[in-house]
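Only one structure is covered here, and it is reproduced in the block below.
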Amino acid sequence: MRAQPAKSHTTISSLEFTVKIFLNLWRLPSMVISALKGLKSIGSDSNNSWGLELENTAKKYPENAAVKSPDGSLTYRELNKRANLYAHYLISKGVSRGDVVTLCFENRPELLAAYCGCSKVGAIASLINTNQRGESLVHSFNLNKGKIVIIGEECYGFFSDARAAIDLEKSALCMVRDEGKIAPKDIIDITGELASMSTENPPTTPNITLKDAIAYVYTSGTSGGLPKAAVIINKRTVSAMFWFGRVVMRVKPSDTIYIPLPFFHTNAMTVGWPPALYNGAAVALRRIFSVSKFLDDVRQFRVTHFVYVGEVCRYLMSQPAQPDDNKTTLKYIIGNGLRPDIWMPFKKRFGIKKVYEFYGAAEGVGVFTNIFNFDYSVGTSITPFALVAYDTENDIPVRDYQGFLKKVGKGETGLLIMEITEKTPFPGYSDKKKNEEKIIRNAFTKGDMWFNTGDMLRNMGFRHAQFADRVGDTFRWKGENVSTQEVERAIDTFPGVSSSVAYGITIPGTDGKAGMAAIITDEKTPIEISKLAGHLKTSLPKYAVPLFVRFVPDFEWTATHKIKKNNLKNQGYDPSQVKEGVYVLLPGSEGYVPLNDEIYRNMIAGKYKF
């Protein structure tokens, strides 16, 4: 039996909030003290950085494991020395504070060492998304041209394919060996030169400040368009050490945080790694996340914490359950996007004590964290924020007669905006022209500025929120806002469905966008399409029931485990574009029927009154 669609869990009652606060009273003093210590440290000592924190941890915990992976492990002493090799190499090539160094490696320990080496010099590590190809890959290389471009041997193949279009005129191009299986003559192998460098801490590290940029992280671009480079500054990574490592979670030196995400993902760089490094704990990683090897890694590396995105959790839940799934050292997970319909089943199956769901953006100005462990919530934020009414039809926030934004009430969904101030600056993108697109001015008073997250959150009360949808995913049909997550939850509970994705498409002669869903089926359970419409009509409001469904073997994914919807939207329901076939719920029909050429022509001609 499949579970029924999860309850909405849209609000927090006064009783529930009081109980949670009471249960966490013992934590509050240490949380406040840790937060104050952290704020004092990063506020009073502007000459602090990721590189300096690594040096401090290497002194304090030299023999503790810093990195665990199938490619090998490093202690903090070894990681620091390896980072120093890169730092001294960069210095020898004239790289200094503020210069860009492009890093293109798979998820292996060498990437972490190179990143730390850049941080010690004050160089900005431009972290290439190794899953990108073609125009997107070329754009990422060219957007922030590296003074030094370092390619891992494992990336040489796809780099070579795009090389002709990459501007390398002012860049020194080099390669670091991986397995040593290729020895190209058109790129300098610096593996030996690196090994000859000093392992001592470089003199540059103490001069790096919290305001200095440490990395460029490239957005995935799930809705199309070329990637933008979000700027990560040292203050963000150092702040995350205290916030996630002491206030949110109590990470110990004996812990291991498993990060299945690529290290060009902000969840890895600013959520998972900082609390480990600050507390002398280890991070565990592998080159490519493997669902089948997940529990093997957890057991081998004695993982205590796991950094997730929602789709990773869905992958894990789609695997056949085993009796010993919860018999591991894994007890805590931190991440974003865990869907309400699998929230409790995931905790139960894998023996999770606490879910530290959070909300943040690579280029954002604040973060929500589920400190008190409310189920289904991204928690709250200590930085100023607001949830405001949004006109999904015109893609703009709603303003009142005075021209100011309108906040939504408890239980309602609104656009999340976060205030930009001196204390909560907006680092933005490396391309400054893109920054203004994300700023809302005069939101509540003349002259104020707010960061537009582009995400819809539900007001749960008591300054807590629940993720609802991305602005581009919420669409309007029959005068109502349709949440794609709500539709997907309903579809995913139908027997025979492995996974689904919902989106809005246009029908000629109608207003708004009608719902459509792409579905991956469960090979072990044949799906009864004749009963799907009835199930959805009992699970969703009438306006939210998708009019079209199609079946696909798999989705297109970004490297950060987000589904690409753009191609699905472009193909729509045109039989000539969709090889697998499309089913339609015609007006007055009780169930889905195959959409053939005749029905399609009649739809385009406006003969059906949807």
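The values are calculated or read from the model by the stated rules, or taken from the named source; none is laboratory data. Bear in mind the structure is a predicted one, so any value in this text is a computation, not a measurement. All Cβ positions, even for glycine, are placed from backbone atoms using ideal geometry, and neighbour counts span all protein chains on display.
Would you confirm whether any residue within segment 202-212 is over 26 Å from N24 (Cα atoms) and charged (D, E, K, R)? Scanning segment 202-212, I find at least one residue that is over 26 Å from N24 (Cα atoms) and charged (D, E, K, R), so the answer is yes. Does A114 satisfy the condition of being surrounded by fewer than 24 Cβ atoms within 10 Å (Cβ to Cβ) and in a helix (DSSP H, G or I)? When the stated conditions are applied, A114 does not pass them. Only one entry of S160, S126, S136, S140 meets the criterion of being under 24 Å from G94 (Cβ atoms) and assigned to a helix (DSSP H, G or I), and that entry is S140. Just name the residue that is farthest from K562 (Cα to Cα) out of those in segment 475-490 that are β-branched (V, I, T) and in contact with a helix residue (DSSP H, G or I) (Cβ under 7 Å, 6 or more places away or on another chain). Ranking the qualifying residues of segment 475-490, first place goes to V482. For the structure I just gave you, tell me whether A66 is in contact (Cβ under 8 Å) with a residue 12 or more places away in the chain, under 24 Å from R287 (Cα atoms) and touching an Asp or Glu at 6+ places or on another chain (Cβ under 8 Å). When the stated conditions are applied, A66 passes them.
Taken over segment 506-548, the criterion of being part of a loop (DSSP other than H, G, I, E, B), loosely packed, with under 14 Cβ neighbours inside 10 Å and small (G, A, S) is satisfied by G509 alone. Note on segment 8-58: among residues that are modelled with pLDDT under 65 and outside any helix (DSSP H, G or I), the one that is surrounded by the most Cβ atoms within 10 Å (Cβ to Cβ) is H9. Here is the figure for segment 166-188: residues that are surrounded by fewer than 17 Cβ atoms within 10 Å (Cβ to Cβ) and either of a type outside the set (V, I, T) or touching a strand residue (DSSP E or B) at 6+ places or on another chain (Cβ under 6 Å) (or both) total 13. With respect to the conditions (1) modelled with pLDDT under 95; (2) part of a helix (DSSP H, G or I), L85 lacks only one, and its number is (1).
Results for (1) acidic (D, E); (2) assigned by TED's automatic domain parsing to the domain that holds A544; (3) assigned to a loop (DSSP other than H, G, I, E, B), shown as yes or no for each residue.
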| site | (1), (2), (3) |
| --- | --- |
| E437 | yes, no, no |
| F444 | no, no, yes |
| G447 | no, no, yes |
| N452 | no, no, no |
| Q466 | no, no, no |
| N481 | no, yes, no |
| V487 | no, yes, no |
| A490 | no, yes, no |
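Within segment 549-603, the set of residues being surrounded by 13 or more Cβ atoms within 10 Å (Cβ to Cβ), in a loop (DSSP other than H, G, I, E, B) and modelled with pLDDT under 85 comprises E556, T558, A559, T560, H561, K562, K564, K565. Please find, among V67, V101, V95, the residue that is at pLDDT 95 or above and part of a loop (DSSP other than H, G, I, E, B). Step by step, each of V67, V101, V95 is checked, and only V95 is at pLDDT 95 or above and part of a loop (DSSP other than H, G, I, E, B). When S160 is tested against the conditions (1) surrounded by 18 or more Cβ atoms within 10 Å (Cβ to Cβ); (2) more than 23 Å from the chain's Cα centre (by Cα), the lone failure is (1). Within segment 332-352, track down each residue that is surrounded by 16 or more Cβ atoms within 10 Å (Cβ to Cβ) and closer than 21 Å to R250 by Cα. Result: Y332, I333, I334, G335, N336, K347, F350, I352.
Each row is one residue, and each column tells you yes or no for (1) touching a residue at least 12 places away in the same chain (Cβ under 8 Å); (2) touching a Gly at 6+ places or on another chain (Cβ under 8 Å); (3) within 27 Å of I257 (Cα to Cα).
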residue	(1), (2), (3)
L74	yes, no, yes
C118	yes, no, yes
L168	yes, no, no
S171	yes, yes, no
